[in-house]
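*Asks:* My questions all concern the structure below.
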Amino acid sequence: MSSVAPAINTGARPRFAVLRFPGSNCDQDAYFTVKDVLGCPVDYVWHQETSLAGFDVVLVPGGFSYGDYLRTGAVARFAPIMDAAIAHAENGGLVIGICNGFQILCEAGLLPGALVRNRDCKFLCKYVGLRVENNTTPFTTEYSAGQIIQIPIAHGEGCYVCDEATEAELQASGRILFRYVDGDGNPTLEGNPNGSQSNIAGIANAKFNVMGMMPHPERASEKILGTADGRAIFESIVKHAMKTLA
Amino acid sequence: MIDPKMVQEMGLNEREYQQILDTLKREPTVTELGMFSVMWSEHCGYKYSRPVLSLFKNYKAAQESGALENAGVIPLDDQFGIVFKVESHNHPSAVEPFQGAATGVGGILRDIFTMGARPIANLNSLRFGPLDEPRNRYLFEHVVAGISHYGNCVGVPTVAGEIYFNPCYSGNPLVNAMSVGVVDLDKIASAAASGVGNPVIYVGSSTGKDGIHGATFASVELGPDSESKRPNVQMGDPFLEKLLIEATLEALASGHVVGIQDMGAAGLTCSTSETAAKASTGMEIDVRKVPLREADMTAYEIMLSESQERMLCIAKAGTEQAVIDIFKKWELNAAVVGFVTDDGLVRIKDNGVVVAEIPAKALTNECPTYYLETEEPAYIAQVQAFDLASLPEPEDYGDVLLSLLDCPSIASKGWVTDQYDSMVQTQTVHSPGADAAILRIRGSKKGIAVKLDGNGRYGYLDPFVGGQIAVVEAARNVACVGARPVAVTDNLNFANPEKPTGFWQFRRSVEGLASATEAFNTPVVSGNVSFYNETPDGPIFPTPTIGMLGVLDDVNRRCGAAFRPDGEGDQLVLLTAYDDPTGGLGGSEYLNLQHGEQAGKPPIVNLEQEVKLTELLVSCIGEGLFASCHDVSDGGLAVCLAEMAILSSEGALVLLNPADFVDTPSHSALLFGEAQGRVVVALRTEKQFTKLKEKAAVAGIKAAWIGTVGGDELRIAVGPEVLTVHPVAELARVSDQAIPRRMETRELTERA
């Protein structure tokens, strides 16, 4: 909402690109969060575009790209814009994928592992507890280490899986950013809404400039929506980008 | 060529066929007969319900002025209007629950965005038979899955709903889907085919052989051969619908479109004839220009197909390519199939050869209207004579409370609502357990509250009072969150109107609805009638469901039903707008569960006091007086308090003073009676209570102190007598597990 004061008011604001695929449906939520809550410049970028020049942050939003009829994200990764997104990441630019965006980034090979059907084979929309596993990345500096936050999930295929070696590598290098936790803050079976391996909810790539997560921080950035616990992710991104822009 | 059997099979009677002959002055072609059949079905033509619907004053006015649109528009502020409508998909859901429910959502969404409005919220009202029958579990699971599948993918949050279980809905579930949209007041789209010579553009999904005669199917009773109607059920594609929403809104914003209508029931037949009739023009199309899934489709099949995700768009001459380009950008079909004419005829060609030529208004305005006989059913007097005073009191009130919370109609619907994306679009205001969903409107300070409500049991016992209660409860629900009730959409689910007893129920019910909506000054701006909800086992209860729109002048001034998390010490007050000497046990869930009776008279309704109660609630919440607010409905006061406690994990110590309840006939009526016009509120300070008492006194509403919030158990006592004591955690567990434990059985995925 325009009545919300921008989080940060000084310096050069990073410019966000919100990618739009046919079937994206959290694109507008992401757009308005960046524009109205963070006060940053933002544009939609259509899937058939081929350039992301001039953008500092690429946001791949949630939804059902191409209907997700084949496999979530499997078609979107072939969209012309994805080549530009991959190049953006290779050049060190920030990329964040939320929900379907996370699935697309995995399909595109920017992040390891895959997202499969939820354990109970049902779509789930609810608040979940998350623990911040690493608060030293460009996406998480505005959290304290081990902070417990509440952010909603809304997905049918959010069960994260990867091979053992990959998980060991993610774990050893601090690339697991968020885990699902129970009411006591522990990553237990009870706290795991979708059966994700080791309760993994969000990960980063080896260079820590690409991040994907199933929960929706853009739905948790204003108190009126229930919680603003997700806003620190965007604030971390802005802070990091402003440092690099300066 | 046309024989009487064919006429009969298409659901037309002899008199109607004669009217067709008189209109055309010749024998109709098969295509023409099919077009008359669907347009003159009750589903499309409202041939039985129309005279009764005239009881809704604004409906009558709209009908007379020809201004009926797909959905009504209510101004929110200077810039935005709210568009909303509810529609049923009962029959399709009875035979193919997943697709039936999914396409119900898709259909109602199209009614919203064809008006130029962006859909911002979906609601639904569902009825099933008891969950101990496998077939009912199958229908329940797959209807919910269908709604979840469609609504989630299309990116419109499902924000509220209601579900009841009753044997009368076994084999005939009710699936009513409501959608709400926001439109710029100066950009409302029209469904008229104006401008002779303007191109008619078909957009969206291609046409297949699905759903042929769906509207005719909806206009007969369900029977043993209903299973064979599965091919009449349409298939939905929410991904295409999402593209259609974005493309349609973009096309409307371009200014090139003069009229647009979705293709729902009766498909191309309905959209061509209705848009032409509305503009008093004519239309010519060639079915071979329509994008088809199968090339061998006949003109008859193309005209009657109910394939989903399609629209008919009338553009300004010369802009057709620009409009087509917009739809192509969204990877949708778009093809010019014809043009607007001035001869008042709908002319259908098949590769240049005329296969149908019918005056547009003969299909729409001149649909036969019937004034059906009514007869009060014999059961009414019998059930109303039931002697409530003869009932024994239960041995343990606490056990009754637990069994009510375990009753699927009352229990937590988390199993269902967790499957719906309720938050996408980030306009759903968080308000745990609130009696109505609250939405902020991007770009406005105002917010809206929406609720869908109806109680079939009251309608069964007394359709008139049942209709009134549906309205007053929906109004009370939006008022409990702080919103002023402003307008109504209704879904009238009834049995076979051609039976005088069925039509009596319908008429009495509409009379009740009309009286209540007039009292609240909430016009009925849109709606839907679903008849023939009847199986060989009998008719459903008369079940009108009411979609209520409320407006919050400041979305930050609102209230939820949960106790405050740290609300220890908050004062609990029961507001009673008027006394009900029956105690509200007639038709109550308690009476059904504890005594196995669906009998008595429903609770009494005092419309004048109900209006005052909603005004009081809106005023108090606007002043920030309430910490929580929840209306007393199914299961009575005890369930109301239990729900407030469960939502917050805070307990309460409730002490009912017998002097405040001298008119209540028994403890069971006090705890579980469903007397109307009552609301429980929590207040933070003594000063607020004083203020509330002053305001309530002016309105003639009783405000009785009934206890305090705090602790981890809910304890209810009347005077010195403790009636129920339960840890809140136990109440929550029972309520949360009621539906999952019934659904955790093996045959779920099997078709029973």
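*Asks:* Modelled label-to-label distance, B:D225 and B:A729, 7 Å Cα→beta-carbon offset: nm?
*Replies:* That separation, rounded to one decimal, is 5.9 nm.
*Asks:* What FRET efficiency comes out for A:S173 versus A:R119 if R0 is 30 angstrom and r is the Cβ-Cβ distance? Round to the nearest 0.05.
*Replies:* 0.65
*Asks:* When the label point is put 7 Å from the Cα of B:R15 along its Cα-to-beta-carbon vector, which residues of segment B:478-500 have a backbone N closer than 17 Å?
*Replies:* It comes to B:497-500, nothing else.
*Asks:* If you line up the Cα atoms of segment B:147-190 on their principal axes, what length do they span on each, largest first, in Å?
*Replies:* So the extents along the principal axes, rounded to whole Å, are 48, 23, 17.
*Asks:* Right, something else. Which values of log₁₀ I(q)/I(0), to two decimal places, follow from the Debye formula for the protein assembly as shown at q = 0.05, 0.06 Å⁻¹ with a uniform point scatterer at every Cα?
*Replies:* Listed by q, the Debye log ratios stand at -0.30, -0.44.
*Asks:* Between segment A:47-80 and segment B:625-664, how far is it from one alpha carbon centroid to the other, in angstrom?
*Replies:* 50
*Asks:* Turning to a different aspect of this structure: For chain B, what does the alpha-carbon gyration tensor say about shape, rounded, prolate or oblate, given a ≥ b ≥ c as the root eigenvalues, a/c under 1.5 as rounded, and a/b over b/c as prolate?
*Replies:* prolate
*Asks:* Over segment B:450-563, what portion of Cα pair distances is larger than 25 Å, expressed as a whole percent?
*Replies:* Summing the P(r) of segment B:450-563 above 25 Å gives 25 percent of all pairs.
*Asks:* Is segment B:239-354 best put as rounded, prolate or oblate by its Cα gyration tensor, with a ≥ b ≥ c the root eigenvalues, rounded for a/c under 1.5, and otherwise prolate when a/b is larger than b/c, oblate when not?
*Replies:* Taking the square roots of the gyration eigenvalues as a ≥ b ≥ c, segment B:239-354 is oblate.
*Asks:* Can you give the mean number of other chain Cβ atoms that lie within 10 Å of the Cβ atoms in peptide A:59-69?
*Replies:* 3
*Asks:* Under a Cβ-only charge scheme (Lys and Arg +1, Asp and Glu -1), can you give me the dipole magnitude of segment B:1-59 about the Cα centre, in debye to the nearest 20?
*Replies:* In total the dipole reaches around 320 debye.
*Asks:* Also, I was wondering about something else. Go through B:94-107, B:279-292 and give me the packing order, highest mean Cβ count within 10 Å leading.
*Replies:* B:94-107, B:279-292
*Asks:* Separate question: Indicate, rounded to the nearest 5 percent, the antiparallel portion of the DSSP beta bridges found entirely in segment A:16-245.
*Replies:* In segment A:16-245, approximately 60 percent of DSSP beta bridges are antiparallel ones.
*Asks:* Angle check, please: helix B:636-648 long axis (alpha carbons) against the longest principal axis of chain B (alpha carbons), in degrees 0 to 90, nearest 10.
*Replies:* Here the helix axis deviates by roughly 80 degrees.
*Asks:* Same structure, new question: Note the angle between two axes, namely the Cα long axis of helix B:463-480 and the longest principal axis of the Cα atoms of chain B, as a number of degrees from 0 to 90, rounded to the nearest 10.
*Replies:* It is inclined by approximately 70 degrees.
*Asks:* Calculate, in whole percent, how much of the Cα-Cα pair population of segment A:121-246 lies beyond 23 Å.
*Replies:* Roughly 28 percent, rounded to a whole number.
*Asks:* Among all the lysines, which ones have a C-alpha under 18 Å from B:K693's C-alpha, if same-chain residues fewer than 8 places away are not counted?
*Replies:* Candidates past the 8-residue exclusion: B:K612, B:K702.
*Asks:* How tilted is helix B:97-113 with respect to the longest principal axis of chain B? Cα atoms for both, answer in degrees (0 to 90, nearest 10).
*Replies:* So the inclination is approximately 80 degrees.
*Asks:* Turning to a different aspect of this structure: Keeping every protein chain present and rolling a 1.4 Å probe, give me the accessible area per residue for chain B in Å².
*Replies:* Per-residue value: 33 Å².
*Asks:* Non-local amide H neighbours of B:V258 (under 5 Å, H modeled in plane, Pro and chain starts lacking H): which ones?
*Replies:* Here the answer is B:I314, B:A315, B:K316, since their amide H atoms fall under 5 Å of that of B:V258.
*Asks:* Of the peptides B:685-692, B:311-318, how do they stack up when ordered by the mean number of other Cβ atoms within 10 Å, highest first?
*Replies:* Ranking, from highest mean packing down: B:311-318, B:685-692.
*Asks:* Kindly identify residues of segment B:146-176 having a loss of at least 30 Å² in accessible area between the isolated chain and the assembly of all protein chains, probe radius 1.4 Å.
*Replies:* B:N152, B:C153
*Asks:* Can you name the helices of chain A, as whole DSSP H runs, whose Cα span along the helix axis is 20 Å or more and whose Kyte-Doolittle mean is not below 0.0?
*Replies:* Qualifying helices, which must be both long enough and hydrophobic enough, are A:231-245.
*Asks:* Right, next: Taking a probe of 1.4 Å and counting only protein heavy atoms, give the total accessible area buried between chains B and A in Å², rounded to the nearest 100.
*Replies:* Summing both sides, the interface buries roughly 2800 Å².
*Asks:* Ignore the peptide's own chain and count Cβ atoms of other chains within 10 Å of each Cβ in B:237-243; give me the average, rounded.
*Replies:* Across B:237-243, the average partner-chain Cβ count within 10 Å equals 4.
*Asks:* Label points 7 Å out from Cα along the Cβ direction at B:K445 and B:S194: separation in nm?
*Replies:* My value for the distance between the label points is 3.5 nm.
*Asks:* May I pose another question? Apply the Karplus curve 6.51 cos²θ - 1.76 cosθ + 1.60, θ = phi - 60°, to the phi angles in segment B:586-595 and return the couplings in whole Hz, x for Gly and Pro.
*Replies:* Using θ = phi - 60°, the values come out as x, x, 7, 5, 4, 4, 5, 6, 7, 10 Hz.
*Asks:* Rounded to the nearest angstrom and ordered from largest down, what semi-axes does the equivalent ellipsoid of segment A:96-190 get from its C-alpha gyration tensor (root of 5λ)?
*Replies:* 19, 18, 13
*Asks:* Can you pull the mean other chain C-beta count within 10 Å for peptide A:215-226?
*Replies:* Mean shielding by partner chains, rounded to a whole number: 4.
*Asks:* Ok, one more. On a C-alpha basis, how far is the centre of segment A:168-246 from the centre of segment B:377-402 in Å? Whole number, if you could?
*Replies:* Going from one Cα centre to the other spans 54 Å.
*Asks:* D for segment A:16-245, whole µm²/s, Stokes-Einstein with Kirkwood Rh over alpha-carbon pairs at 4 °C and 1.567 mPa s: what number?
*Replies:* After rounding, the answer is 76 µm²/s.
*Asks:* Where in segment B:352-366 does the amide nitrogen come within less than 19 Å of the point 7 Å from the Cα of B:R26, taken along Cα to Cβ?
*Replies:* Correct set: B:352-363.
*Asks:* Please report, as a whole percent, how much of the solvent-accessible surface of chain B comes from carbon and sulfur atoms (probe radius 1.4 Å).
*Replies:* Carbon and sulfur: 51 percent of the exposed surface of chain B.
*Asks:* Does any residue of segment B:389-429 lose at least 40 Å² of accessible area with all protein chains in place compared with its chain alone, and if so which ones (probe 1.4 Å)?
*Replies:* B:D418, B:Q419, B:D421, B:M423, B:V424, B:T426
*Asks:* Rolling a 1.4 Å sphere over the protein heavy atoms, what is the accessible area per residue of segment A:16-245, to the nearest Å²?
*Replies:* For segment A:16-245, the solvent-accessible area averages 34 Å² per residue.
*Asks:* In chain A, what percent of the accessible surface is made up of carbon and sulfur (1.4 Å probe, ligands and nucleic acids excluded)?
*Replies:* Within chain A, the accessible surface is 51 percent carbon and sulfur.
The values are calculated or read from the model by the stated rules, or taken from the named source; none is laboratory data. It should be emphasised that the depicted structure is a prediction, and the values quoted were computed from it without experimental measurement. Every residue, glycine as well, gets a Cβ built from its backbone with ideal geometry; the counts of neighbours run over all protein chains shown. Keep in mind that these areas ignore ligands, DNA and RNA; they rest on the heavy atoms of the full protein, side chains included. Shrake-Rupley method; radii C 1.70, N 1.55, O 1.52, S 1.80 Å.
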